[in-house]
Amino acid sequence: MGTNQAWKKHNKEIRPGIHITGKWHKNSYLIKKELGSGAIGTVYLCEWNGRTAALKVSDTSTSMTVEVNVLKSLEKVQGNPLGPSLVDIDDWTSPLGNQYTFYVMEYLQGQSLASFIRQQGKEWIGVFMLQLLEDLERLHQSGWIFGDLKTDNILVLHSPPRVRWIDVGGTTKIGRAIKEYTEFYDRGYWGLGTRRAEPSYDLFALVMVFLHVFYPKRFEKKQSSSQVFLINKINAVKELTPYRTVLRKAVEGKYQTSAEMRVEVINCMYHMQKMSRSRTNKNVQKSTSLPMLAEAGGITLLATMYYLLSLLL
Amino acid sequence: MKKGTLKQILLITDGCSNKGEDPAATAALANQQGITVNVIGILDDQTEQPEGLQEVEEIALSGGGVSQLVYKQVLSQTVQAVTKQAMTQTLQGFVNKELQQILGSGQSMEDLAPEKRGEIMEVVEDMGETCDLEVLVLIDTSASMHDKLPTVKEALIDLSISLNSRIGRNRFCIYSFPGKKKDIQKVFDWSPQLDAISTVFPKLTSGGITPTGPAIREAMYQFGRKSLRRSFRNGNEPGVEEA
Ligand SMILES: Nc1ncnc2c1ncn2[C@@H]1O[C@H](COP(=O)(O)OP(=O)(O)O)[C@@H](O)[C@H]1O
Ligand SMILES: [Mg+2]
């Protein structure tokens, strides 16, 4: 284990332009560039048989094996894919003689949740919440908890905009201890629950995902009650106003399933639409009365002009 | 596969030993008794040179465990990551031994095709989730640890949240060193939870001695104590002790 990311062994050995050839399946991948890195490994854009793909490598080979096990399970779940599709898993012996386990997956090209919402507007908040809750529901139904749900592990793909998960390193079978988590998103860190893999664990993290979108620098734990603290943080975000009660209930661990939470998000959106429609109705009334006012104004103006004229003459 | 109990010593320190036997040697001894020794070395700030903490790696290597140097800000995540990684490592060691019996000596997991390895990792994960675990936390309370102890306390409570989310059972105890008269001092007796440690957390022992070696030796003996076996026997399942 290294103290920080710069200490990772593989980083020194993998550069754009080199070929990584698998020991078992003999496929050769040309490394194009680094896509990103996290606590476990580094992901590179690579080319193979004229196709692009993403290649993930880590110093701990068991982590790669475990992640591939999860990806294989997720591929069996019906409907919209829950993770990147798996292309290959193999070992690579580097020129220095070190052995690394890597896997190759579908390259997902997208944008972060925060930048998408910033550019395209707050009406996407509800859409993404629903998409994420739908995926979570299917994931939970098939016996898994995502675990390390955070903004880094979510991408928005374009046309049509659809959220997709990357990095299934934290994905844990229901009932076990969460494999991997990030403090800010972890209810255990906030003192608001266990790290037992259950739906409510992911739903808490989901709230933190949307808080992170509006608090890009995140924030730290205070000594006082975390529950009150987080609810205040939610209430301070204007864009999240319509979802306040739902988000609060998720922080409090009140939802047993994502389906339950999803129904209430839909209700919030319905309510919001009704409110804004009645507001536009008022606007319509206002705008119908405006021409009358203008007319009245016109008459007054005309009268004043006659008066002035009569004075001059 | 039989369900066993994993035994770990988690040593948290910020400096070198300067009294008594070589800590790497006592760690090797503990390892021979089926106890894994993990070490976390706390660094003061970004500028500090970690050379003084070279000992950390040596202790963990001969103790069959995992070591990590950290700044105190990220201590919580590190403590649980080190503990879990050491569990996986130990369990993988067991599995490798079994594999050698099946596949012949000299074979390990790395020699298997990735697909087969995946199946074995599932077994390792299952064992890590369900096995019982005993962790003896050994905290250096020499003067230089002064401003680190509150963070250590938090990290340990956090560790108990993580481990108690597993299916398997846990027992924790905490010792500090140097002790008043002995090499180590009991702070918190074997217990399934660590939430209660806030009140009993170790006071600082002044003076400049850091008898890491003798402390590990003493810690090792705490695993054999009767009270521990009894507490496991009182659980719902009989505690199979198998290292
Ligand atoms: N399939 C993919 N397609 C495109 N980018 C990816 C893909 N997988 C990972 N990345 C990028 O690489 C980064 C690190 O990968 P990740 O799997 O999250 O590593 P870690 O497990 O170390 O956190 C991600 O945050 C993302 O930016
Ligand atoms: Mg990640």
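Bear in mind these aren't lab numbers, they're just calculated from the coordinates by the rules spelled out. Here the structure is a predicted model, which means the values were calculated and not measured. Neighbour counts are summed over all protein chains in view; Cβ atoms, including those assigned to glycine, are modelled from backbone coordinates with ideal geometry.
Given charges of +1 on the Cβ of Lys and Arg and -1 on the Cβ of Asp and Glu, with all other atoms neutral, how large is the dipole of region A:113-275 about its Cα centre, in debye to the nearest 20? Show your work: numbers first, answer last.
Working: 24 positive and 17 negative charges, 70 e Å.
I would put it at about 340 debye.
For region B:5-25, list residues with backbone N below 18 Å from a point placed 7 Å from the Cα of B:Gln54 toward its Cβ?
What the label zone holds, given the 18 Å backbone N cut-off, is B:14-19, B:22-25.
Taking H placed 1.01 Å from N in the peptide plane, check which residues at least 5 places from B:Ile167 or on another chain put their amide H under 5 Å from its amide H.
For B:Ile167, whose amide H was placed from the backbone, the distant partners under 5 Å are A:Ala177.
Calculate, axis by axis, the spread of Cα positions in region B:129-174 along the three principal axes, and write the results as whole Å, longest axis first.
39, 15, 11
Okay, helix-only estimate at 222 nm for chain A: each DSSP H run of n ≥ 4 adds -39500 (n - 2.57), divide by all residues, round to 500 deg cm²/dmol; what do you get?
On the way: 8 runs with 136 residues, N = 313.
Here the helix-only value at 222 nm equals -14500 deg cm²/dmol.
Mind listing P(r) for the protein assembly as shown? All alpha-carbon pairs, 10 Å bins, whole percents.
Final binned percentages: 3, 15, 24, 23, 17, 8, 3, 2, 2, 2, 1, 0, 0.
Please grab the % of Cα pairs in chain A that end up more than 24 Å from each other.
Values: 29870 of 48828 pairs.
Tail fraction, whole percent: 61.
Report ³J(HN,Hα) in whole Hz for each residue of region B:189-195, in order, from the Karplus equation J = 6.51 cos²θ - 1.76 cosθ + 1.60 where θ = phi - 60°; Gly and Pro get x.
These are the phi-based 3J(HN,Hα) values: 7, 3, 7, x, 10, 10, 4 Hz.
Remind me, relative contact order of region A:113-275 in percent, using alpha carbon pairs under 8 angstrom and six or more residues apart? Walk me through the numbers before you get to the answer.
On the way: 221 pairs, mean separation 37.6, N = 163.
It rounds to 23 percent for region A:113-275.
State log₁₀ I(q)/I(0) for region A:67-216 at q = 0.14, 0.15, 0.16 Å⁻¹ as given by the Debye formula over alpha-carbon point scatterers of equal weight, solvent excluded.
-0.71, -0.80, -0.90
Alpha carbons only, please: Rg and Dmax for region A:9-106, in angstrom.
13.0, 43
Evaluate the charge dipole of region A:9-106 about its Cα centre and quote only its size in Debye, nearest 20, assuming +1 on the Cβ of each Lys and Arg and -1 on the Cβ of each Asp and Glu. Walk me through the numbers before you get to the answer.
Working: 11 positive and 10 negative charges, 29 e Å.
Dipole size: approximately 140 debye.
Based on the alpha-carbon gyration tensor of region A:146-274 and its eigenvalue square roots a ≥ b ≥ c, which shape applies: rounded if a/c is under 1.5, prolate if not and a/b is larger than b/c, or oblate?
Working: a/c = 1.38, a/b = 1.12, b/c = 1.24.
Verdict is rounded for region A:146-274.
Show me, for region A:99-109, the HN-Hα J-couplings you get by feeding each phi into the Karplus relation (A = 6.51, B = -1.76, C = 1.60, θ = phi - 60°), rounded to Hz, glycine and proline as x.
The phi angles translate into 9, 10, 9, 10, 9, 10, 9, 4, 7, 9, 9 Hz.
What percentage of all Cα-Cα pairs in region A:17-58 are separated by more than 13 Å?
Working: 443 of 861 pairs.
Beyond 13 Å sits 51 percent of the P(r) for region A:17-58.
Using the Cα centre as the reference, give the magnitude of the dipole from point charges on the C-beta atoms of region B:5-233 (Lys, Arg: +1; Asp, Glu: -1; all else neutral), rounded to the nearest 20 debye. Show your work: numbers first, answer last.
Values: 23 positive and 29 negative charges, 278 e Å.
Roughly 1340 debye for region B:5-233.
Taking amide H atoms as placed 1.01 Å from N in the peptide plane, list the residues 5 or more away in sequence, or in a different chain, whose amide H sits under 5 Å from that of B:Val39.
B:Leu11, B:Val66, B:Ser67, B:Gln68
Work out the charge dipole of the protein assembly as shown with +1 on the Cβ of Lys and Arg and -1 on the Cβ of Asp and Glu about the Cα centre, then indicate which of A:Gln120, B:Ile174, B:Gly93 is farthest towards its positive end.
The residue sitting farthest along the positive end of the dipole is A:Gln120.
In whole Å, what are the extents of region B:5-233 along the principal axes defined by its C-alpha atoms, from largest to smallest?
Per principal axis, max minus min of the Cα coordinates gives 54, 41, 31 Å.
Just tell me which lysines come within less than 23 Å, Cα to Cα, of A:Lys33; anything on the same chain fewer than 8 places away is out.
Within the straight-line limit of under 23 Å, A:Lys33 reaches these lysines: A:Lys8, A:Lys9, A:Lys12, A:Lys23, A:Lys56.
Can you tell me the FRET efficiency between B:Ile102 and B:Gln32 if r is taken as the Cβ-Cβ distance and R0 is 22 Å, rounded to the nearest 0.05? The partial results should precede the final answer.
Working: r = 25 Å, r/R0 = 1.15.
That pair, B:Ile102 with B:Gln32, gives E of 0.30.
Can you work out the Karplus-derived ³J(HN,Hα) for every residue in region B:34-41? Use 6.51 cos²θ - 1.76 cosθ + 1.60 with θ = phi - 60°, whole Hz, and x for glycine or proline.
Once θ is set to phi - 60°, the couplings for region B:34-41 become x, 10, 8, 10, 10, 10, 10, x Hz.
Which whole-number percent is the relative contact order of chain A (Cα, under 8 Å, 6+ apart)? Let's see the in-between values first.
Numbers: 454 pairs, mean separation 34.5, N = 313.
Reported as a whole number, the value is 11 percent.
Please report the relative contact order for region A:1-117, taking Cα pairs under 8 Å with a sequence separation of at least 6, and give it as a percent rounded to a whole number.
Values: 194 pairs, mean separation 24.5, N = 117.
Averaging sequence separation for qualifying contacts and normalising by length gives 21 percent for region A:1-117.
Once amide H atoms are built 1.01 Å from N in the peptide plane, which residues 5 or more positions from A:Tyr107, or in another chain, come under 5 Å H to H?
A:Ala54
For the protein assembly as shown, with the dipole built from +1 on Lys and Arg beta-carbon atoms and -1 on Asp and Glu ones, taken about the Cα centre, which of B:Ala113, B:Thr199, B:Leu156 lies farthest toward the positive end?
Farthest along the dipole direction, towards plus: B:Thr199.
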